[in-house]
Amino acid sequence: MITIVYDNNLPDKRLQTAWGFACVIEGLAETILFDTGGNGKLLLSNMAAAGFNPEQIDSIVLSHIHADHTGGLHAFLGP
């Protein structure tokens, strides 16, 4: 299952929108965070609103190094 947790156009009204992208991919073997959006605080807030805890994530995949796809990485990884 794929859940978009960061985008500039989200149909889920519980989530805030912003330029960038991130989604959570739930598979049989692991749960993947694909990209981290542009803002870590917003990413974590949207993940929580969608019912995801950062500890559930097994792997992170970054599609490319633009800030709107990698900007939330530092906040996701924590201090």
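The numbers here are math on the coordinates, done by the rules we state, and not lab data. From a predicted model like this one, the values you see are computed outputs, not experimental measurements. Here the Cβ positions follow ideal geometry from the backbone for every residue, glycine too, while neighbour counts run over all protein chains shown.
State, as an integer percentage, the relative contact order of the chain based on alpha-carbon contacts under 8 Å between residues 6 or more apart.
30
Rg (Å, one decimal) plus Dmax (Å, integer) for the alpha carbons of the chain?
Cα only, the chain: 11.1, 31 Å (Rg, Dmax).
Full-extension gain between residue 17 and residue 49, please, as 0.36 nm times their residue separation minus the C-alpha to C-alpha distance.
Between residue 17 and residue 49, full extension yields 10.3 nm more.
What is the gain in length, in nm to one decimal, between residue 74 and residue 28 on full extension, counting 0.36 nm per residue of separation less the C-alpha to C-alpha distance? Can you show the working numbers first?
Values: separation 46, 0.36 × 46 = 16.56 nm, distance 2.69 nm.
The residue 74-residue 28 span can extend by a further 13.9 nm.
Along the Cα→Cβ direction, 7 angstrom out, place labels at residue 3 and residue 58. What is the inter-label distance in nm?
1.7
Quick one: of the DSSP bridges fully inside the chain, what percent are antiparallel, nearest 5?
In the chain, DSSP labels about 75 percent of beta bridges as antiparallel.
How far apart, in nm, are the 7 Å Cα→Cβ label points at residue 10 and residue 66?
With each label placed 7 Å out from Cα toward Cβ, I get 1.9 nm.
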